[in-house]
Amino acid sequence: TAPVQAEGALPAPCPPPVAAILYQQGDPERGIASCATCHGARGEGVGTGNPPLAGQPVPYLLAQLRLWRTGKRYGDAMDAMTHVSRLLAEDELAPLADYSAALPGAMSYRELPATCPPARRPDPRSGA
């Protein structure tokens, strides 16, 4: 039977989802570094070799994790993504992709111009 809550007591807080813990803290017992270390706590990406994850389509992120895992995607510094993706359980991939995509660090895009720029004259030297 479920434990009975005392009248007037606050409900126990829900534990954070496993995906949030993996992303923000990793799992040191399994040798999994946090995603936030390289991709930022808000998913904004850190440096030139660590792309933003926030705002990416979930199916894209999931596919990339699977490509890293199978070795069809490679070339990151010290094979960090290959290593981490192989340590993750299959049932952790989709929730992690979903959490990563929903992070608030997506880059904002500039607005489109109100009008097109004026046409340029062709360059007589190259025709461009």
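Things to note:
- Put a dot 7 Å past the Cα of Met78, heading toward its Cβ, do the same for Glu29, and the two dots end up 2.4 nm apart.
- Order of exposure, largest accessible area first, which applies to His83, His39 with probe 1.4 Å: His83, His39
- Projected label distance in nm at Leu67 and Asp98, using a 7 Å step from Cα toward the beta-carbon: 2.3
The values are calculated or read from the model by the stated rules, or taken from the named source; none is laboratory data. A quick note: this is a predicted structure, and the numbers were derived from the prediction, not measured. Quick reminder, even Gly has a Cβ in these numbers, built from the backbone with ideal geometry, and neighbours come from all protein chains shown. Quick note on the areas: whole protein, heavy atoms, side chains included, nothing else; ligands and nucleic acids left out. Shrake-Rupley method; radii C 1.70, N 1.55, O 1.52, S 1.80 Å.
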